[in-house]
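Here is the structure we will look at, set down as structure tokens.
Computed from the coordinates by the stated procedures, all read-outs in this text should not be read as laboratory data. What you are looking at is a predicted structure, and each value in this text was computed from that prediction instead of being measured. Using ideal geometry, Cβ is built from the backbone for each residue, glycine included, and neighbour counts are taken over all protein chains shown.
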């Protein structure tokens, strides 16, 4: 296919689709007949009564009828009701349920407000009244409650979304303290992280110890480990769909927190009461400001090093009409490490630094076309960029003249996306919930450029090494799916995601089926199964595994084909004890092909030369079983998650072509999370255990022609010690509940968990032979001992 | 203020919060390591040592296995038994290797799993033309290869300047060879001089020129001395190419946190090392045959000095002496007398009986005696014929040993 045609046609097709959406909407508005006896459809939003923000996943059902649905990611629901239905029952976790009487058939979108329980009652308990687990077709999905994220024990006083997600079964952390996600044996690049629909390419702050998601600005988080709905695509292993809060439509308020290394502040309120609102949230670390005086006191004149990050979230939305709502959200984050080394003797200053930036923007238009048809159009922007820089400046006097010499070396790389997207939810019949849509993205990759600038005497030398032209790629997909209720016991979701990727004159395309089914067994056990195929056109080149900014995003090329996988999963789920407990067991099998790894000896910092020469293509396989027991209500809530899994990789030129354990192959992974609401305080405890990481270590050595040759017992043939730790936090309310003091203890029993291992050589000189007697040992570096932290959060 | 102080205190704790401890590693079962590089018309010599496990104290020397049974058999030929000559060096002068023949090696020793390997000794490097353009500023050499189209072929190219004692760095000009040459070299982010810097030797596969007449172009800015430098073009076996490439990459990647570890590509089944061969084409005065004839002979120790932990020493005034005879069949005999550090004014006697190899202009000695000469490489001075060897300064000791004819 001619790529130019492909580029021209896809945006045109998207415009046509948008026009088509608008046309039937107007047509239907005109053609809707007067209400007549018979089933009818009610649609609208469920919102928070205090803030006006939409509630995602709220349950809306006909009272006393087996007819119900949930609000989508935008708080919208559409429900076809029997002719004689006059009342709706609306419920949501943490909110007081409400019965809504429909005095007449609604001719405009409904707006149903629910009151938060904490505001309605002075209660110690959290109650749940959501959709029964066994009623959902969707499997392998987990909803993350932002309140949980802010309650669980934290490292250095910073609540972190990704660290909470790591506690869920099937999702593993990387190295100690890292916020990287490894989902069902997949790699860190196989997770689609969306912030208000825009992809986030590097979700790491501070070398991965924190994530880019500021919890004060978030409203809803969904994690899919498998069974992906057709609307998601582009990654093999998981989807993390994060929605930012819309801002309070009714009154101004703010919140903030002061922690050990960072503080944050959020302000929100109506722009026009009840019609439009905004939210602005910012966070910055100050570790560099705190430690600089310490460094100066310890080694005066020796220079200093520092690190900081900040991020900024903002969102505004406006109700243009009862049917139309427009949103604009932006995110910007920046990390920077710097090292300044002056040398007074030679009058030289060396400044080294590296940093990375993430930015996203989303412009979204939601329209309730009819009670049965909800449409969204989005324009998305995402950018990730990093750079490493070293500057040297020397001053001296030569022949009575002051001379200044300067050198500068800089490496930078990045990726930038523009996306246009349309999604439609349509309920043509009570037994069908149809979704379809399309998206087109223009990627621009900057694989890696090194620039050298040198000024010596009167000579100025500029050189750019390994400059590779910016690589443009066009990605597009269309999707359609139908959630079908075949009988009260059997429901299914059938979908397909058709994706295409054009780069460098080559076009890849694939149809990815997305199938899921649920059968209600006797005893309210739900048997669920899913099959999904996935395709990934972008690759992340990384071997550090610790979230270094030098991780490099590259496109599929004519030589490096897209990654592909399919995943089959099956499991059982049900609720117990009047819905107080939920239990599920899921098994999964996921083969992958086209996965990348660096060739042996490849240097991640030297990718100015063709990256394709430094990677190899192989296969992977992951399978396992996950158990999840959760208690969502009562004074004590929490969950126990256990994963038994295997994950291997196979490359023709690695490990003799034999399969080897993936670095994060973790046989056993356990998380126990408990929160107990006491009379005044809230106590949270989290304990995690994981099989040791697989790494490559030399098992032996021999001498050959003056050099020592390392012998490895297989790639990733060595296991680090098992990882486990216990974290505890206590939250104490202050100022009548408008403030909270949190004391957290990370790694309570001071477990020395391995961060990495290295081989240490001890050489004793033998004067007789002139050679050394060498003893090798393996040493383990641990990062975090027991770490207490204190933070203070407040609202105003 | 108190809160601020607490924060500062915690931050200070954080600055030094990492800890390092030694951890146990699984016991390693030692394996035989066989290094057998064969060349047409040269005596058989194979080094047999064993691996030393991580956690085991061992010298930076081959841990010799002296009691192994080492045999080599050609396809359709009789078995050649190699005899131990010292220092793990096994030797035979029987029917010599022939280009194009396939050889099978077996080695066994008590306490080790037996090992075996096979290799085909490549046909002579198919050099059809050689041209050297010399200018005061630059030398350019063109080597035309008629690469066979039916096989995957591998080559090694280097230049030795006999007068300078060192390899001559050069640059390969052919752009189509850049990807495989760059992949051999560990890169450095902030060293612009390293990008495209001259190499001392290159390993090539014929992927870009398989089955064609291909002209390899070499350039060196600091010209070599055409009167004393020799261009070597080797046809090497695949096992040689893979092993040497992996060793080179492993050395470059060692202890680098951002480079994938590299495993040595051994073709020894059940063990480690390499059994491989090559045939050499040369242009210049010091072909392997000439060099071999030149090094054969008797020598006496004339210098033995250096530094140990920055303290200089010289053993010759203290009575150090020795003789060394390199025989044409690859064996070596001799005696070395060195001052005994435990008993002043006393000399210790060491036997230098064993063997030697001659590769790339370097003489390497093997013997049982625990001397600095064991595994040491010597260069031959073309003017005086003296053999000069030494230990590298990075070993904390710098020893220079000279044998004069």
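Points to keep in mind about this one:
- Computed over segment A:328-381, the P(r) tail beyond 19 angstrom holds 61 percent of alpha carbon pairs.
- Among A:328-335, B:28-35, the peptide with the highest mean count of other Cβ atoms within 10 Å heads the list, and the full ranking is B:28-35, A:328-335.
- Relative pair counts by distance (%), Cα atoms of segment B:10-169, 5 Å bins: 2, 7, 11, 12, 11, 11, 11, 10, 8, 6, 5, 3, 2, 1, 0, 0
- Pairwise Cα inverse-distance average, inverted: Kirkwood Rh of segment A:357-444 (Å): 17.8
- Euclidean distance between Cα centres, segment A:552-578 to segment B:94-145, Å: 48
- Cut-off 16 Å, label 7 Å out along Cα→Cβ of residue A:760, residues of segment B:19-58 by amide N: B:19-25, B:54-57
- All distinct Cα pairs of chain A go into the 1/r average, and the inverse of that average, the Kirkwood radius, is 28.5 Å.
- Label point 7 Å beyond Cα of residue A:393 along Cβ direction - residues of segment A:339-376 with amide nitrogen under 17 Å: A:339-353
- Largest first, the extents of the alpha carbon coordinates of segment A:253-339 on the three principal axes equal 64, 21, 14 Å.
- Inter-site label distance for residue A:341 and residue A:741 at 7 Å from Cα along Cβ, in nm: 4.4
- For segment A:174-312, the ratio of Cα radius of gyration to the globular rule of thumb 2.2 N^0.38 Å stands at 1.32.
- Shielding of A:716-726 by partner chains, average beta-carbon count, 10 Å: 1
- Protection proxy ranking for B:371-378, B:39-46, using the average of other Cβ atoms within 10 Å per residue and placing the highest first: B:371-378, B:39-46.
- Whether segment A:144-198 is rounded, prolate or oblate, judged on the alpha carbon gyration tensor where a/c under 1.5 counts as rounded: oblate
- Shielding by partners - mean other protein chain Cβ count within 10 Å, residues of B:365-375: 2
- Cα centroids of segment B:219-279 and segment B:328-356: 32 Å apart.
- Rounded, prolate or oblate (a/c below 1.5 giving rounded, otherwise prolate when a/b exceeds b/c) for segment A:259-411 by Cα gyration tensor: prolate
- Compactness of chain B - radius of gyration and Dmax, Cα, Å: 24.3, 90
- Taken along the Cα-to-beta-carbon direction at a fixed 7 Å, the label points for residue A:412 and residue A:779 span 3.8 nm.
- Each label point was placed 7 Å from the Cα along the Cα-to-Cβ direction; for residue A:487 and residue B:345 their separation is 11.0 nm.
- Peptide B:47-58 shows a mean partner chain C-beta count of 6 within 10 Å per residue C-beta.
- Cα-based equivalent ellipsoid of segment A:487-597: semi-axis lengths in Å, sorted from largest, via gyration tensor: 37, 19, 10
- For chain A, the antiparallel share of DSSP beta bridges with both residues in that region comes to about 95%.
- Its residue count N sets the reference 2.2 N^0.38 Å, and the alpha-carbon radius of gyration of segment B:10-101 equals 1.80 times that reference.
- The fewest-to-most ranking of B:75, A:324, B:381, A:246 by surrounding Cβ atoms within 10 Å reads B:75, A:324, B:381, A:246.
- Exposure proxy order (Cβ contacts within 10 Å, fewest to most) of A:155, A:521: A:521, A:155
- Note on residue B:96/residue B:26: beta-carbon distance plugged into 1/(1 + (r/R0)^6) with R0 of 51 Å gives a FRET efficiency of 0.75.
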